[in-house]
Each structure stands twice: as structure tokens, then as C-alpha cells.
1. In the stretch 104-121, which residues are small (G, A, S), at pLDDT below 95 and at negative phi?
2. I'd like to verify a number: residues in the stretch 116-149 that are in contact (Cβ under 8 Å) with a residue 40 or more places away in the chain, part of a strand (DSSP E or B) and closer than 16 Å to P84 by Cβ, how many?
3. Under the condition of being within 14 Å of T262 (Cα to Cα) and open to solvent by 50 Å² or more (accessible area, probe 1.4 Å), which residue from the stretch 221-251 is nearest to the chain's Cα centre (by Cα)?
4. Filter the stretch 135-148 down to residues that are open to solvent by less than 30 Å² (accessible area, probe 1.4 Å) and within 17 Å of S56 (Cβ to Cβ) and give me whichever is modelled with the highest pLDDT.
5. Looking at (1) surrounded by fewer than 18 Cβ atoms within 10 Å (Cβ to Cβ); (2) part of a loop (DSSP other than H, G, I, E, B), which is the one condition that is false for Y208?
6. Check I159, I151 and return the single one that is at pLDDT 90 or above, surrounded by 13 or more Cβ atoms within 10 Å (Cβ to Cβ) and under 17 Å from the mean Cα position of the chain (by Cα).
7. Condition check: within 11 Å of V189 (Cα to Cα) and outside any loop (DSSP other than H, G, I, E, B). Does T236 satisfy that?
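The values are calculated or read from the model by the stated rules, or taken from the named source; none is laboratory data. None of the values given here were measured: they were computed from a predicted structure. Reconstructed Cβ throughout: ideal geometry from the backbone, glycine too, with neighbour counts over all protein chains shown. Keep in mind that these areas ignore ligands, DNA and RNA; they rest on the heavy atoms of the full protein, side chains included. Shrake-Rupley method; radii C 1.70, N 1.55, O 1.52, S 1.80 Å.
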Amino acid sequence: HETVAISAQERCRSDKYTEKVTALAASEERYRSLVSHLQAVVDERVKEQACLYRVSEVIASSTEPIPEILQDIVRTIPTGWTAPDKVCARLTLDDLVVTTEPFLETPWRLTADIIVAGAQRGSAQVFSLEAPPEGQESPFLDEEQQLLEAITRLIGQGIANREGIDLLRDSEDRVRQLFDLAPEAIFVVGPAGIFLDMNQVAVTRYGYTREELLAMGPGDLAPADRKDEIPQKVLTSMHQTTQFEWVHKTKDGQEIPVEVHTVPFLLDECACILSSIRDITM
């Protein structure tokens, strides 16, 4: 009887040990599965962030026309998706449409609007080339919709900045044209008393090159016997509008009686003078 009891106890201990080993193995398997899942999630997030970074780099650093920039972006978009080879993309902006190659419009899509300066100007779409798995309504992850929306925000901001810069450049070009078409010589004098800019009439009238004039100031155009008057005239012109008759000397030594009109103004928060010079012999 004692032998039978001991044998039963040993079997009981063995069964409990087996249960613990089995439970431990199951826990280890669940742990491995969890780690694998978390790694897959991390990999997807890294892929999405890399895609966003590449899109932002294209927008920030490219000097190409907007159609070429959008073409670069549309080729980048699939790289952020779980299966890049199983999706295609399309970008529309106003009348412009760019797509990945190859491109196939399918029923399974993600869409996000492109908003530029508060106005909808287009959209970005990603299409799945394969139907969703059985039992699923969409082949896409929720995070992929968020990624597409982040991309369109970058595009909208980039287009707004680019168009603002282009508009400013056009405006500057028009101002420059008016500056050069003015009938009188015009100089911009900086706070150090040096010419910062001048129009084409000034270059032609005084006989110096533009580069030479940019290294000069009002005193360099004054006759030798009147140079000591220049510092006070510049100081006065920095603070108030002035008008006076003066004499200027050209590069070849010719003296020209002129009428000078000055207006103080700020350029990049620095006090400057806009000076219009009329040749009163003409």
C-alpha cells in the first residue's frame, strides 16, 4: 500500500511539473508573438515617418516647377504603405494630375484633400491593387489614412509657401522694372552712407559700372571742395524729407548741376535714404 501511495504522489508531482512546463511554453509563445507584433508595428511607423520625411525634403529643397515636385511626391507616397508594390497613387492640383506608374484606379481607395491657404485645390488618393482579405471592408490601415492626410498637409503648406515666394518674386521684378524705367537717377543709401542700390539711369548718367557704384557713397559723387558737407546732409536725410540743389561729378570728371530729393525709409529695419537726382541742365 505504501508503494502504491508513493507512486501516486510521484505521478501527481510529474503531472504538475508537466502542466507548469506547458504553461511556461505557452507564455513564451505568447511573448514571442507579442514581440513580433510590436516589432511589425514599429517597422510600419518607421516606414511611415521615413515617407513623410522624404516628402517634406522634396517640398523644402526642390527648386523644380510644381508639376515636377508633385511627380516626385507621388512616386514617394507608396513607400509609406504596408505593401508598396500593391498600391498606386494619384495627386491632383487644380487642372494638374500626376500618378504613379503603373496606375490603376480601383474601388479600394484612400482620399485626402489638398488645402492651400484655406481653399481646397486638389486631393491625394492611394488605390489598393488587391481586394481586401475576406471579412475585411478595407485593405488599408487606419494609420495609412492618417499618413495620407499628413502628406496632403505638407503639400498644401509647401504649395502655399512656393506660390507666396513666386508672387513676391514677381512683385520684386515689377518694382525693379519700374525702378529702372524711372526717368531720373535713383540711389538707395544705406545707414553706413554707402549706396545699396541704384537704377540703370544712375549707372548710365555717372559712367560707373553698377559694381563700382555699390562700393561708393554720396561723397564720391561730390566735387572735392564740397565733400565735407556730405555727412551732415546724409544725417539730415536719414530723419526727414529733403530737397536741395547740388553738384555731382561723373566718372570722366564732368560736373552736373542737379536737384536732389530724399526720403527716409526702413529697409530690413535699417534706416536708409531713397534719393532721386534730377539733372537740371536737361
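1. A119 - this is the single residue of the stretch 104-121 that is small (G, A, S), at pLDDT below 95 and at negative phi.
2. Residues meeting the conditions: 4.
3. For the stretch 221-251, the residue satisfying everything is H239.
4. The residue in question is L148.
5. For Y208, the exception is condition (1).
6. I151
7. no
For every residue, the table says whether it meets (1) out of contact with any helix residue (DSSP H, G or I) (no Cβ under 7 Å at 6 or more places or on another chain); (2) closer than 30 Å to A60 by Cα; (3) at pLDDT 90 or above; (4) surrounded by fewer than 16 Cβ atoms within 10 Å (Cβ to Cβ).
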| site | (1), (2), (3), (4) |
| --- | --- |
| L168 | yes, yes, no, yes |
| P257 | yes, no, yes, yes |
| L267 | yes, yes, no, yes |
| T281 | yes, no, no, yes |
